Amino acid sequence: MPATTQQSTLRVGELAKLTGKTVRALHLYEELKLLKPVSRSQGGYRLYGPDAIARIEWIAKLQTMGLSLPEIQQFLKTFESSMAAPEAMASARSVFETKLAETRAQIAQLRTLERDLVASLDYLASCSGCEPSHEVHECGVCDHHGHTPEAQPGLVAGLATARPYDRPDTSLVRRPLAPEAPEAHEAKAKDNV
């Protein structure tokens, strides 16, 4: 272990403040063997070297990549238990290649979503010119402002799937006009005795 002077070490609270993590998160990193204090103070406080900041930033990057803390722990364990450097680097490369493929797939999904949102917003821009006399159910078969049901973007078309004839007829459902007062319940209860 490299010699670390008291002046170049950080207490856990100081390290948490510098990295934006909670003290509990740093203790968890230590429990998972992702972060190691370089020593303890005379009072028993954990002391971390300046390299702990870089380690915490590294953990945060792996979490941003989509790895959970147990996955980071396993990744580090596999890397450190490799018999030789090429094997260790091959295991890291494998994880990074998998995450790169996942990231590219997510980017493609987000680009598709972006296109869908832009098309929907373009379509909906002309809807603000509709007459107030048009009813909501007409939106699914709209032929105003150059719209056609076939040209509706998917996000907009999903809003218009319920037609008036698909709606349940609630006109025959009996609803009380006002809630009964507690006295009415008591009177009914006395009548039933």
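The values are calculated or read from the model by the stated rules, or taken from the named source; none is laboratory data. Predicted model, so just to flag it, every value in this text is computed and none were measured. So basically every Cβ, Gly included, is an ideal-geometry build from the backbone, and we count neighbours across all protein chains shown.
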Inset, instruction - Considering every residue within segment 75-87, establish whether at least one is touching a residue at least 12 places away in the same chain (Cβ under 8 Å) and over 30 Å from H27 (Cβ atoms). - result: no
Inset, instruction - Mind listing whichever residues of segment 97-113 are farther than 15 Å from F75 by Cβ and of a type in the set (V, I, T)? - result: T103, I107, T112
Legend entry - Unmet requirement for L76, which otherwise passes all of (1) within 30 Å of Q106 (Cα to Cα); (2) part of a helix (DSSP H, G or I); (3) within 24 Å of the chain's Cα centre (by Cα); (4) not assigned by TED's automatic domain parsing to the domain that holds Q106: (3)
Inset, instruction - Please list, ordered by first then second residue, the pairs with beta carbon atoms under 7 Å, 6 or more apart or interchain, first in segment 111-127 and not assigned by TED's automatic domain parsing to the domain that holds V156, second surrounded by fewer than 11 Cβ atoms within 10 Å (Cβ to Cβ). - result: D116/G154
Legend entry - Residue count, segment 118-136 (criterion: out of contact with any Gly (no Cβ under 9 Å at 6 or more places or on another chain) and of a type in the set (S, T, Y)): 3
Inset, instruction - For residues that are under 12 Å from L69 (Cβ atoms) and not in a helix (DSSP H, G or I), tally how many sit in segment 22-46. - result: 4
Legend entry - Residue ID - nearest to the chain's Cα centre (by Cα), chosen from residues in segment 6-63 that are basic (K, R), surrounded by 13 or more Cβ atoms within 10 Å (Cβ to Cβ) and at pLDDT below 95: K36
Legend entry - Residue among A108, A60 that is assigned to a helix (DSSP H, G or I) and assigned by TED's automatic domain parsing to the domain that holds L28: A60
Legend entry - Number of the exception - I72 against (1) modelled with pLDDT of 95 or more; (2) more than 22 Å from T19 (Cβ to Cβ); (3) surrounded by 12 or more Cβ atoms within 10 Å (Cβ to Cβ): (2)
